[in-house]
Amino acid sequence: MATRLKPVDAVTIGVGLTGSLAGLELTGAGLTVVGLERGAPRDTVPDFQSPSIHDELRFSIRKAMMQDNVKVAVTFRNTSDQTALPIRRWESFLPGQGLGGSFVHWNGQSFRAQVADFIYRTHHLERYGQKFLDACGPDLTIQDWGVTYDELEPCYDRFEYLIGVSGTAGNIKGKILPGGNPFEAPRSRNYPNPAQKEPYFGAIFRKGAESLGYHPYPQPSSNLSRPYTNPLGLKMEACVFCGFCERYACEHYAKGSPQTTMLPILLKNPKYELRTGCEVLRINLDSTGKKATGVTYVDAAGREFEQPAELVLICAFPLNNVRTLLLSKIGKPYDPKTGEGVVGRNYSYQTTGGTIVFMDESININPFMASGASGTMIDDFSGDNFDHKDLGFIGGAYVGAIMTNGRPIEFHPTPPGTPRWGLEWKKAVARHYNHTIVITQLGTSQSCRANYLDLDPTYKDAWGRPLLRMTFDFPENDIRMSQYIADKGEAIARAMGGKTIVRVATKRPYTTTVYQSTHNAGGAVMGTDPKTSVVNRYLQCWDVPNVFSLGGAAFPQNITYNYSLTIGALTYWALEAIKNKYLKSPGPLA
C-alpha cells in the first residue's frame, strides 16, 4: 500500500535539463514543485573532480553515468516480425541517470534547428511536391511540428544565454555575417560568448572545405571560451580542452550543465524539493482517465509513495517519456499495421557517417587537446540547404572535423589492412595516433511507419513492468542521403591532403552494438492533430491536459543537428504557456 504524501502544485519525472528548467521556472511562478530523480544526487564538487572523473574505463567503457539497464533496459529489434531482446550493454546510445541527466555527460554541441525543420512536411511539399516525397519513401510519416522557428527564436536566445553558448553568429536579423554559418536561421543577437579557439585539425578542414567553395564555420559550443556569468548570476569558467567531455561531467564549471547553470539556484528555493533514488512507476489518473492526480513512485529503500500533484511534467530521457505514457495508459498506443494510435509513433534517431583521414607524419594533430564541441564544420549539405530534386531523398547532414578526444582506450585509428591485435597493430597505432583527422557527418532521421516504440510483451524491469521495445531500422531514404553526404566528406578529405582516406556511411541494418548518437527522438510527438500527435504545440497531452511531456520525444522526425538546444527552447516555450495560459485557466491550450 502506497503512503500518500502532502499534495504539491507540480511534480517532475526526472531532473535533467528539462526537469531542472521546469523546476526553476515553476517555483519562480510561485508553485511548489517536487523533482523525482531515479539516480543519485551529484555536484561538480566533490563528484566531478579530477583525477577520478577522468577514469576512462569507468565512464567510457563501463558507462557509469548511464541508466542502470540491469534494472531498466530497452529491448530492440529491426523489424516487427523479429523477436526483440534486451540491450544489456549501452553502446549505440547512452541515456543518462542521476541528477542533471544526460545534460551532464553531453558534449556541449549547441545548434539551433533551421526554419524549414518546424514546417517540415509543408516545406517539402511546396518545394518538391507530393510525387517527389512519395518517391523518397511512401512509408515516410514526416509532419510539421505545430510551432514555428520565429515563435521559438526568443526561447533559443534565452536558453543560449542561460548556458553560455560560445559561437560566431552567421545571421543576425537576416544580415549574413562573415565567419559564421551563412545557412543558420536568423537570430536576434550574437552568441553570449565568442567561439572557442580553432584546433589545428579544424584549420586543416577549413582550408580543404574552402578550396571546394564551401562555407566553414566554428562549431557552436556550450563549453565556454571565456569566463561568463549567466542571467541567474551563476559563474562559469573557460574550457581547458582536457579531452574528457562526452560521457563525462565537467570538473571546471566550463560546460553548460544543470549543475553549473540552474541547480545551485533551484536547490536553494524553499518551494522546491529534490528526491533522488526514486523510480516513478506510473502517473495516476482519476476515474475519468482525463486528469492526472499525481504519481506513484518507489524510493531507494523500496517503499512505495503516492505524490499528489495538480500538474505532472514528464522530464525523462525521450525513450522513458514514451514508456511512462504507455505504462500510465495516457494516449492510444501506436499500431504499425493500421497506422492508428500515437504513443510510440514516429520514433526516429540520427543518421551518421564520416571520413577518417590519415595524414602525413609531419602533420601533428594532438587529439588529446580537445573540447566536446570545438570543431570546424560546414552546413552546405544540412537539411534542405541544397537542391534535392534529382537526388531521390530528403534531409541532409552537417560535415565537420569534430574531434572530441584522443583518449587511449577509445582513440587508436589504424588504416585498412592493419592487424586487429599484436605488434603490427601497436606499431600502426603509434604511427597514426597523432596524424589522423576524423571528419564527422551527422544527419536527419526521417520518421516512417515501420519504426516505433511500444511495451515488450515478454521482458520486465526490476519492478515487474514491461520494458520499452524499440523497432527500428534506417529508412532507405536516409541510406541514400548518408551515401551522398559521405561522397562530399571524402572530397574534402582529399582536399585536406589525406594520404589514406576511409569513407564511412550509414548501412542497414541498424545495430545497437556500436555508438552512433544519443539523439533518440519521437514517440510522443507534437503537432496540431490528435490523430497524429501525442502532445499539442505546447507539449501538453491531448488526452490528459494536466500532463506535459517535455524533451526530444516531441520531435516528429529528427533534425540534422545535436538536439539539446532545441529541447531547451521547446521547454521554455512550454513553460511560458503553462505560466501565462494554463495556470490562469487550467485545461487544453490548443
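The values are calculated or read from the model by the stated rules, or taken from the named source; none is laboratory data. Predicted, not measured: the structure shown is a model, and the values here were computed from it. Cβ sites come from the backbone with ideal geometry, for glycine too, and all protein chains shown count toward neighbours. Surface accessibility is based on the protein's heavy atoms, side chains included, excluding ligands, DNA and RNA. Shrake-Rupley method; radii C 1.70, N 1.55, O 1.52, S 1.80 Å.
Here are some notes:
- In sequence order, calculated HN-Hα J values of segment 130-135 (Karplus, 6.51, -1.76, 1.60; Hz; x Gly/Pro): 5, 4, 5, 4, 4, 5
- Calculated from the structure at hand, volume of the Cα convex hull per residue in Å³ is found among (i) 174; (ii) 157; (iii) 148 as (iii).
- Histogrammed with a bin width of 10 Å, the alpha carbon distances of segment 447-590 distribute as 10, 28, 29, 20, 10, 3, 0 percent, first bin at zero.
- Derived value for segment 104-171: Kirkwood hydrodynamic radius 14.4 Å. Basis is the mean of 1/r over every pair of different alpha-carbon atoms.
- Axis angle, to the nearest 10 degrees, between helix 476-495 and the longest C-alpha principal axis of the chain: 40 degrees.
- Ranked packing of 250-262, 402-414, most packed first, by mean Cβ within 10 Å: 250-262, 402-414
- Under Stokes-Einstein, with the Kirkwood radius over Cα pairs as Rh, the value for segment 254-344 at 4 °C and 1.567 mPa s is 83 µm²/s.
- For Arg282, distant residues with modelled amide H under 5 Å away: Thr296
- Comparing Cα centroids, segment 230-250 and segment 281-324 end up 33 angstrom apart.
- Cα principal axis extents for segment 233-385, largest first, Å: 72, 49, 31
- Evaluated at q = 0.15 Å⁻¹: base-10 log I(q)/I(0), Debye formula over Cα of segment 525-574: -0.36
- With eigenvalues of the C-alpha gyration tensor scaled by 5 and rooted, segment 346-487, Å: 34, 25, 14
- Ignoring aspartates and glutamates fewer than eight residues from Lys531 along the same chain, the ones with Cα atoms less than 18 angstrom from its Cα are Asp139, Asp144, Asp335, Glu340, Asp454, Asp543.
- For segment 349-364, Karplus couplings with θ = phi - 60° (6.51, -1.76, 1.60), whole Hz, Gly/Pro x: 9, 8, 9, 10, x, x, 9, 9, 10, 8, 9, 5, 5, 6, 9, 9
- ³J(HN,Hα) computed for each position of segment 291-299 - Karplus, 6.51 cos²θ - 1.76 cosθ + 1.60, integer Hz, glycine/proline x: 9, 7, 9, x, 9, 10, 9, 10, 8
- From largest to smallest, the equivalent ellipsoid semi-axes obtained for segment 172-241 from the alpha-carbon gyration tensor read 25, 19, 6 Å.
- Projected area averaged over orientations for segment 2-56, convex hull of C-alpha atoms, nm²: 5.7 nm²
- Calculated log₁₀ intensity ratio I(q)/I(0) where the Debye formula runs over C-alpha points of segment 1-95, q = 0.17 Å⁻¹: -0.98
- Where trypsin sites (Lys or Arg not before Pro) fall in DSSP loop in segment 409-515, at most 11 other Cβ within 10 Å: Arg420
- Cross-link pairs beyond the 20 Å C-alpha cut-off, checked among Lys6/Lys271; Lys332/Lys584; Lys332/Lys581; Lys291/Lys332; Lys290/Lys329: Lys332/Lys584; Lys332/Lys581
- Unit charges on C-beta of K, R, D, E only; dipole of segment 1-94, Debye: 380 debye
- Distant-in-sequence amide H partners of Gly96 (H built 1.01 Å from N, under 5 Å): Gln67, Ser102
- Whole-number accessible area per residue in Å² for segment 443-528, which is evaluated in the context of all protein chains at 1.4 Å: 36 Å²
- Averaging over all projection directions, the Cα-based convex hull of segment 211-311 occupies 12.5 nm² in the image plane.
- Scaling against 2.2 N^0.38 Å puts the C-alpha radius of gyration of segment 54-182 at 1.46.
- Over segment 403-529, the hull volume per residue, using the convex hull of the C-alpha atoms, is 199 Å³.
- Gyration tensor (alpha-carbon) shape descriptor, segment 132-288, a/c threshold 1.5: oblate
- D (Stokes-Einstein, µm²/s), Kirkwood Cα radius, segment 160-200, 1.002 mPa s at 20 °C: 202 µm²/s
- Where only DSSP H runs of four or more residues are counted, the chain gives -6000 deg cm²/dmol as its mean residue ellipticity at 222 nm, each run worth -39500 (n - 2.57).
- Of the solvent-accessible surface of the chain, computed with a 1.4 Å probe and all protein chains present, 54% belongs to carbon and sulfur.
- Backbone amide hydrogens, once placed in the peptide plane, bring Ala309 within less than 5 Å of Val8, Gly294, Val295, excluding anything fewer than 5 places away on its chain.
- Take every DSSP beta bridge whose two residues both sit in the chain; close to 65 percent of them are antiparallel.
- Evaluated with a Cβ-only charge set (Lys, Arg +1; Asp, Glu -1), the chain carries a dipole of roughly 620 debye about its Cα centre, given to the nearest 20.
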